[in-house]
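Here is the structure we will look at, set down as structure tokens.
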Amino acid sequence: MTHTSRAAATFESSIEDASVLLDSALQQPQEKADVLKRAGLVMALTAWETYVEDRILEAVQSRLRALNGSPVGTFVMSKLQEELKRFHNPSSEKTRRIFLEYLEVDVTSAWKWQNFEPLTARKTLDDLVSKRGDAVHRSRPSSENGNPGHLVKREELEKAIRFLKGLVSATEKALIEQ
């Protein structure tokens, strides 16, 4: 997969941390494995969050190159920097809104690859962002029979990593074609 942005290259490196945690989880007793799988999900979504932040900055800086140092360029960049300080857990709507506001591109409409269409990709991302919150704030889910359940299963983390890689690729394509 060829990427043109620095943000995508950074994402590729960062998402590997989640894969390393998954591989490590497979070598551990169940309780430790669960911790590593939750951490893997958090790392995978952190890689996505960093990608979105870096990618919007990269694209806006490129667009504003001619205005660099001017009052307008400085204003837009400072507004974006302030917004990014509050930009956490990039759901599909938050991601759509920031790219639309600063670049006039709805990247979510281009989230199409393999078995994903924009609607299913948005829902999958939103579900992962929600599960990330659970992984951060709830160490173990309880199940109906009193045994703690697994918040993040191996297959789910593998799918999440593949999904996020596809999402970055689709987002890159949308921004290149604009």
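The values are calculated or read from the model by the stated rules, or taken from the named source; none is laboratory data. Since the model is a prediction, treat every value here as computed from it, not as a measurement. Reconstructed Cβ throughout: ideal geometry from the backbone, glycine too, with neighbour counts over all protein chains shown.
A few notes on this one:
- Residue satisfying condition, being crowded, with 19+ Cβ neighbours inside 10 Å and over 23 Å from T108 (Cβ atoms), within set L45, L21: L21
- Of all residues in the stretch 1-43 being modelled with pLDDT under 90 and small (G, A, S), the one that is nearest to the chain's Cα centre (by Cα): A39
- From R65, R55, R6, residue being without any contact (Cβ under 8 Å) to a residue 40 or more places away in the chain, more than 15 Å from L128 (Cβ to Cβ) and of a type in the set (D, E, K, R): R65
- Only one of T124, T95 that is within 20 Å of L22 (Cβ to Cβ), modelled with pLDDT of 85 or more and buried (at least 18 other Cβ atoms within 10 Å of the Cβ): T124
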